[in-house]
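Shown next, in C-alpha cells, is the structure this report addresses.
What follows is calculated from the coordinates using simple rules that are stated; it is not laboratory data. Everything numeric here is computed off the predicted structure, so don't read it as measured data. Cβ sites come from the backbone with ideal geometry, for glycine too, and all protein chains shown count toward neighbours.
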Amino acid sequence: MDLSEALYTTRAMRRVAPDPVPSEVVAKMLDAAVRAPSGGNSQNWRMVVVDDPEVRGLLGPIYRDAYAQLQETAYKGRRDAARDSGDEGALRVMRSSDWLAENFEQVPLWILFLTRNDPSGASIYPAVWSAMLAGRGEGVGTCLTTILGIFEAQKVFDLLQIPTDKGWSLAAAVSCGYPLGRWGLAERAPVEDVSFSNGWGRALDFPVGGPLWSEE
C-alpha cells in the first residue's frame, strides 16, 4: 500500500467483523510497533495481545464500566448538546463509540500497550500508531482507546496478571478487526485553520489547499 494512502485513510474503524485476525498479521503489527522511536531508545513498552474469547468476555464488562464513567465525567452533556445543535457528525462518532462498548467481546483482537517512565506518552504512542498503520496495510481496522487505563487500570492489571510494582501504566487499548464499513479519506479541518508560521495566529507562509492525497 502507498504510504500516503495509509496516512490519509487510517482513521478510527470501530465497527468490525468477528473474523479472527491471522497471527501473521498480528506479528507484523507488533513488529512494526517495536521499530518505532522512543525517548533515549529506552523501549519501555510492553504489549498484551488479547484474542482469547474467554479473556475478551471478562474484559468487556470492565470496558463498559469505564465507558459509562467517561460519559458521566469528561463527556457529560456532550450527547445532549450534539442533539440540540444537530451535530450529526458528533452523534455519528458517539454511536460508533457506543457500538464498540456494546460489542467489545465481538472485536476479535485487542492489543493493550503499556509503558513506564513515560508520563507524556511520547515513547509509547509512536509505537501504537506504527501498529495501527501496519494493520491498515493488511486491511485491519483499528481504534485507539484510553479509557481502560484512565478509569479501570487496576481491574485490567488484576485480570491479566500485569505486575503493579514495576511502574507500568496502561496507555492504550487498540481494537483490531476487519471493518464492516469502507475505508475513505478522513474529513478534517483545513490545515490553514490549525497551523501558524513563526508565532501564534500568524498565517502560514505557503498554501496547503488539502487534502493532498486523493482516492482517484
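Values as computed for the structure displayed
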{"quantity": "Furthest towards positive pole of dipole, G135, W168, W213, structure part the chain, Cβ charges", "calculated": "W168"}
{"quantity": "Estimated vicinal HN-Hα couplings, Hz - segment 71-87 in sequence order (Karplus 6.51, -1.76, 1.60; Gly, Pro = x)", "calculated": "5, 8, 10, 4, 9, 4, x, 5, 5, 5, 5, 5, 5, 4, 8, x, 7"}
{"quantity": "Extension gain, N103 back to A81 (0.36 nm per residue minus Cα-Cα distance, nm)", "calculated": "5.4 nm"}
{"quantity": "Net +/- balance of residues flanking P53 in space, Cβ distance below 14 Å, scoring K and R +1, D and E -1", "calculated": "-4"}
{"quantity": "Euclidean distance of C-alpha centroids, segment 95-128 and segment 10-88, integer Å", "calculated": "3"}
{"quantity": "Aspartates and glutamates whose Cα lies under 13 Å from that of K28, excluding same-chain neighbours fewer than 8 positions away", "calculated": "E138"}
{"quantity": "Those trypsin sites (Lys or Arg not before Pro) in segment 69-118 that DSSP places in a loop and that have at most 11 other beta carbons within 10 Å", "calculated": "K76"}
{"quantity": "Highest-MSF residue in the chain out of S123, S85, S195 [GNM, Cα springs under 10 Å]", "calculated": "S195"}
{"quantity": "Set of aspartates and glutamates near K166 by C-alpha distance (under 17 Å), chain-local residues within fewer than 8 positions excluded", "calculated": "D118, D158"}
{"quantity": "A172 long-range amide H proximity, modeled H, under 5 Å", "calculated": "F113"}
{"quantity": "Segment 1-148, relative contact order in percent, only Cα pairs under 8 angstrom and at least six apart counted", "calculated": "51"}
{"quantity": "Difference of contour (0.36 nm per residue) and Cα-Cα distance, V191 to D165", "calculated": "5.0 nm"}
{"quantity": "Formal net charge of residues neighbouring W110 (Cβ-Cβ distance under 9 Å; K, R +1; D, E -1)", "calculated": "0"}
{"quantity": "Chymotrypsin sites (Phe, Trp or Tyr not before Pro) restricted to segment 1-98 and DSSP loop, no more than 11 other C-beta within 10 Å", "calculated": "none"}
{"quantity": "Rounded to the nearest 20 debye, dipole of segment 3-194 from Cβ charges on Lys, Arg, Asp, Glu", "calculated": "160"}
